[in-house]
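Novice: Pasting a structure below so you can have a look.
The values are calculated or read from the model by the stated rules, or taken from the named source; none is laboratory data. No experiment lies behind these values; they were computed from the predicted model shown. Every residue, glycine as well, gets a Cβ built from its backbone with ideal geometry; the counts of neighbours run over all protein chains shown. Accessible surface is based on the protein model in full, side chains and every heavy atom, while ligands, DNA and RNA are left aside. Shrake-Rupley method; radii C 1.70, N 1.55, O 1.52, S 1.80 Å.
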Amino acid sequence: MALNGGDEDFEWEPPTEAEMKVIQARRERQDKISKLMGDYLLKGYKMLGECCDVCGTILLQDKQKKNYCVSCQELDSDVDKDNPALNAQAALSQVRERQLAAQSTAPSQAPGINEGPSSSQASVSVPLPRPEHCEGAAAGGESSPASTCCPISFTSFIPQTAGLQPVLQEAEEAILTKLRWATNQLQSSASLESSIQLCSLIASCANSLRSLKELSQ
Amino acid sequence: MEHLHLEHVLQTVCVLESVVLRSFGPEGGQVLFTRDTGQAMLSRSGSRILTALRLEHPLARMMVECVLKHSTVTGDGSKTFILLLASLLRMIQKTACKEPNVSHTYNSRETAEASTARHLADKMLAFALEELDDIIAMGVVPYGCCLSWEDFTAKTKLPACTINHCVQKLLASFFHSRLGRTHCDFISNLTCEMLTHWKFKRDLPSSSLQFVNDNFAALHTPVSGFPISCSRLIEGQVIHRDFATPCPQTDHQPVKAVVVTGCLQPKLLNAGEVLVLGCGEQGREENSRKESSIVQFTAWLQSLGASVLLSAVKQSAAVLALAAQAEMCIVECVSEDELSLFAQLIKIELFLFHRYVHVAFHDSEERVTVKPCSLVICGTGEGQTDQYACAFQDAIRMLLSTWKPIGITATTASKKTFQPDKSTCLHVDNQIVKASPFQQYVLEPGCVIPAGGTFEFLLNHALLQHGSSCSISDDTIMGVPAVSQLLANALLSVPRHIYSYSLRRFLQTQTRLLKTDVSSVQVFTSDSGLESVSCKYQLLVAVLQCVSSLLHVDTVLHTHTALHTPSHRLANISWEGTEDERNTNSILTSFW
C-alpha cells in the first residue's frame, strides 16, 4: 500500500557490489559512532530524542546543556573527505583526474579543431571515475568536470602545463582556505581529538601545497 | 513529527549495546557510579547500569523499560537482552536490505526495508511462540538436567554432587556474574539456608519462593558498614523501626501485641501543652473533660492486655505518654509489608536488636508450617548493601523462573502424548538415566544446563537442523527455514561476546558441545556453573516481542509536555498531551 498511490512504481532491486561496499563502510562508521556515544553516555551525557540535521546521528547533551553530535564533531566526515574544497587529498586526486582527462582529450583535439563542437562535446561527456564512497562528492563533483572540460578542450593546443595552471591555482586556493579554517578552529578547539585531527589536516594541507608547487614547476 | 527508520532503531540499540558490553560476561568489568555528593558505587548489574543512563530518546527508553520489565520477572539477563536485541535487529536489517519482498510496491527502498523487517519480526515471534519450546525440549534439555524442588530442600545427608549442591551451584553462578567471584559461594549458601527455612510443607514449592519474593522487603534488613561476610540469618522478623516508648524487659516470655493501622485517641492534647489537673476555677470543665477522656483511654489500653502496640502511622505524643504510663511499648510507622507479614505469623516473643525491633516466633505445636527467619545483609556502603539486597531478590526471582513451567499450549498438548516419567530427573548418584528413544521430549520445569553459552550453541544447532529438515517448498525469507536460520545466527552473538577474548575458545566450546553424546553429559563436573533453561527461553521470547514492538513503531510525535516520571508507560509516550488529538490514532501503529 504505497502512500502516494499510483506514482511511479519503485522496482526494488538488490544492492550492487559497489553499494554493498558503501553499506559495509557505513556500518563500520556506525559502529564507531555507537561506541563513542556509549562512552559519552557512561560519562553522564544525555541521549536526546533529536537527530543531527547534518548527518542524522542521535544528538547528545552534556551537563552544560550543550548539544553534541559525535559524528560531525569528532569523527571525520564521511563525505567531506572526497570533497576537493575541504580535503587536500581529494583536491590532489581531482587534479590528477583532470590531467588524465586532458591527456586523453588533447590527442583527439589535435587532428582538427575545426571539428569543433562535436569533439568538444565528446570530451565533455567523458565520465571521470569518481571514488566509490562519496555520494556527496559525486553530486558536488559532477558539475566541475563539465565546467572545466570546456577550457581544456579550447586550450588543447597549448602545452599541458599551462592548461594545468588554473586548476592548480584553484586547488592551491582551496587548500589555503582550508588551512586558514583549520588554524582558526585549532585556536578555539577545546577537545583533544579534534585538535589532533586539525593538526593532521594542517600537515596534509602543507604537503599538498608542496606537491602543487612541484607540479607547477 | 519524526518518521522512524530502521537505521534509527539500530543506532539506538547499538549505543545501548556498547554500554552494556563492557560489563558482559565473566571477563566483564564493573561500572563505577558517582554522585555529585561524592558517593560512589561499583556495579555489574545490567538493569542498574541502564537505569542510570540519562536517556531522553523515546526508543531507548522503551528498550530500557522492556529490559526492566523482563528482569523484574526473571531477575537476570538484562545485558543478554540488549545483546540479543541488537543482534536480531542487525540480522533483520541485513536480511531486509538484501532480499526483496516484491509483493508490494513501495515508495522507496526505506519503506520496503521497513515493511520487510516488520513482517520478519512478526514471523519470528510467531515461530518462537509456537515451535521454540519443542525445539528446546528436543535440542537443549537432553544436555541438561532437571532439578526437583523436593530434593532441594531435603535434609538427608547426601554425597558431594547432590541436588542441593546443584541448586547452590545455580545460585553461585548467578551471584558470580552479579557480584563477583569472592563471595558468591557464601551468599548462595545463605540463600539456600533461607529458602530451606521458608519452605511451606504443605504447599507447592513455588509458593514459598513466591512468598519470599513478595515479602522480601520485610524479610531482609540492610546494614551498612560491615563486610558482606557478616551477613546472616536470624530467627523471627525484624521490624525496621525503633521503639517510640521504652520497652519493658520481658525475659523472653511470650507477650501480646496489638496492631493498629490508624490514629488512636486522644487528640485533645497537643504537643507542648501542659495539662494541670485540679487547678483553679478557670477552664475546669475543659480540663475535667480532657482528664476523663484520658482516663478512659488508659483504661482501654490496659484492657487490651497487650505489651506491644505496632502502629502503621505516627501516634500523637499524648498517646505515647499514656502508653508508656500503661507500660506498653509502641512501634510507630511500621511499613505495610512488615505489618502484613507480621499478621501472618502468630505469637511473639520480643527482644531488641540494634535499633530495630526483633520479633521471634514460637513454634506452635499444632501447626509447624514454617520457621520464620530474616536475612541481615551487610555491605560496606549503602549502595553496596542495596546492591547485595537486590542481588538476593533477583536470585529468588531467578529460581522462581527456573521452576516456572513453560507453557505447553493446547495445540501442542494434543499433538503429543504427555508421558510423565522421571527419567530426565537427576538421581542422587549423579547418573543421568538415558532417555528412551521414543520418549516425547517435554520442557519440564527446573531444567538447568551448564553456563557459558551452552544454551545458545545448542539452540543454534537445533534451529539450523530444524530449518533444514522443514519442507523446502517455503523458500522465501519469511519461511520457517529462513526464520529459524536468522534466529540461530542471531543467538550466536551471545557466546561470541562471552568468548570475545579468544576466538579459539569459542570454536572449541562449540565443537565440544556439538560432539558430546547426550547420554554421557556430565552437567555437574563442568566448572562453568549452571543456568536455567526456562529463564533463557523467557528471555528469548521477551526479546522477540520487544523487536516486534520496536519495528511496529512508525512515527514519533514530540510533544511539549514535561518529562515523564519513571512510572509512566513509555508505550503511550505519543498519546499523552498531544495538541492534535485527531492524529494520535495513527502514530504508533503500522500503516501496513
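Novice: Hey, if we sort B:F81, B:F24 by accessible area with the 1.4 Å probe, largest down, what's the order?
Specialist: Details: B:F81 0, B:F24 25 Å².
Result of the area sort, largest leading: B:F24, B:F81.
Novice: Run the numbers for A:C72 and A:N207: contour at 0.36 nm per residue of separation, minus the present Cα-Cα distance, in nm. The partial results should precede the final answer.
Specialist: Values: separation 135, 0.36 × 135 = 48.60 nm, distance 2.48 nm.
Difference between extended and current length: 46.1 nm.
Novice: Can you work out ³J(HN,Hα) from phi for every residue in segment B:172-180, in order, using Karplus 6.51 cos²θ - 1.76 cosθ + 1.60 and θ = phi - 60°, giving whole Hz and x for Gly and Pro?
Specialist: 5, 5, 5, 5, 4, 6, 8, 10, x
Novice: If you don't mind, there's one more thing I want to ask. Positive end of the charge dipole of segment B:1-66 (Lys, Arg +1 and Asp, Glu -1 on Cβ, about the Cα centre): tell me which of B:S45, B:M63, B:H8 has its Cα farthest that way.
Specialist: Final value for the positive-end residue is B:S45.
Novice: Let me ask something additional. For a Förster distance of 35 Å, can you work out the FRET efficiency between the beta-carbons of B:R54 and B:K98, rounded to the nearest 0.05?
Specialist: Efficiency at R0 = 35 Å is approximately 0.45.
Novice: Also: Let me confirm one metric for peptide B:44-55, namely the mean number of other chain beta-carbon atoms within 10 Å of its residues' beta-carbons.
Specialist: On the way: counts 0, 0, 0, 0, 0, 2, 1, 0, 3, 7, 9, 5.
Other-chain Cβ atoms within 10 Å of each residue's Cβ, averaged: 2.
Novice: Where Rh is the Kirkwood radius over the Cα pairs of segment B:1-130, the temperature 25 °C and the viscosity 0.890 mPa s, what D in µm²/s does Stokes-Einstein return?
Specialist: 148
Novice: Here is a further query. Whole-Hz Karplus ³J(HN,Hα) for segment B:16-21, in order, using 6.51 cos²θ - 1.76 cosθ + 1.60 and θ = phi - 60°, x for Gly and Pro?
Specialist: My calculation for segment B:16-21 gives 4, 5, 5, 5, 7, 4 Hz in order.
Novice: Expressed in nm to one decimal, what extension gain is obtained for the pair B:V259 and B:Q210 from 0.36 nm per residue of sequence separation less their Cα-Cα distance?
Specialist: On the way: separation 49, 0.36 × 49 = 17.64 nm, distance 2.50 nm.
Between B:V259 and B:Q210, full extension yields an extra 15.1 nm.
Novice: Let me ask you something else. On average over all directions, what projected area in square nanometres does segment B:22-63 have, based on the convex hull of its Cα atoms? Display every interim value, and only then the final one.
Specialist: Working: hull surface 14.2 nm².
The number I arrive at for segment B:22-63 is 3.6 nm².
Novice: List the residues whose amide H sits under 5 Å from the amide H of B:D554, counting only those 5 or more places along or on another chain, with H placed 1.01 Å from N in the peptide plane.
Specialist: Amide H to amide H, under 5 Å and 5 or more residues apart or across chains, B:D554 pairs with B:T589.
Novice: Another one. May I ask for the net charge around B:C329, where only other residues with Cβ less than 13 Å from the Cβ of B:C329 are counted and Lys, Arg are +1 while Asp, Glu are -1?
Specialist: Details: positive: B:R241, B:K256; negative: B:D242, B:E327, B:E332.
Around B:C329, the charge tally is -1.
Novice: Give A:K43/B:K123; B:K123/B:K199; B:K199/B:K314; A:K43/B:K69 a once-over and call out the pairs whose C-alpha atoms are over 32 Å from each other.
Specialist: Working: A:K43/B:K123 39 Å; B:K123/B:K199 42 Å; B:K199/B:K314 35 Å; A:K43/B:K69 25 Å.
Pairs exceeding 32 Å: A:K43/B:K123; B:K123/B:K199; B:K199/B:K314.
Novice: Compute the length gained on full extension between B:S293 and B:L507: take 0.36 nm times their separation in residues and subtract their Cα-Cα distance, giving the result in nm to one decimal.
Specialist: 68.8 nm
Novice: Using amide H atoms built in the peptide plane, which far-off residues or other-chain residues are under 5 Å from B:V238 H to H?
Specialist: Residues meeting the criterion, in which the H sits 1.01 Å from N, are B:V359.
Novice: Take the Cβ-Cβ distance between B:V518 and B:E27 as r, set R0 to 35 Å, and report the resulting FRET efficiency rounded to the nearest 0.05. Could the numbers behind the result be given before it?
Specialist: Details: r = 30 Å, r/R0 = 0.85.
With a Förster radius of 35 Å, E is 0.70.
Novice: In the neighborhood of A:V167, defined by Cβ-to-Cβ distances under 15 Å, what is the net charge if each Lys or Arg adds +1 and each Asp or Glu adds -1?
Specialist: Numbers: positive: A:R96, A:R98, A:K213; negative: A:E97, A:E170, A:E172, A:E173, A:E214.
Charge balance in the 15 Å sphere: -2.
Novice: Efficiency by 1/(1 + (r/R0)^6): what FRET value for A:E193 and B:A321, r their Cβ-Cβ distance, R0 = 56 Å, to the nearest 0.05?
Specialist: Values: r = 69 Å, r/R0 = 1.22.
After rounding to 0.05, the efficiency reads 0.25.
Novice: How do B:V141, B:V518 stack up against each other in accessible area, from largest to smallest, with a 1.4 angstrom probe?
Specialist: Details: B:V141 20, B:V518 60 Å².
The ordering from most to least exposed comes out as B:V518, B:V141.
Novice: Using a cut-off of 14 Å between beta-carbons, work out the net charge of the residues near B:Q302 (Lys and Arg +1, Asp and Glu -1, B:Q302 not included). Each step should come with its number before you reach the end.
Specialist: Values: positive: B:K256; negative: B:E327.
Value of the local net charge: 0.
Novice: Given labels modelled 7 Å from the Cα in the Cβ direction, how far is it in nm from B:T72 to B:H552?
Specialist: About 2.0 nm separates the two model spin labels.
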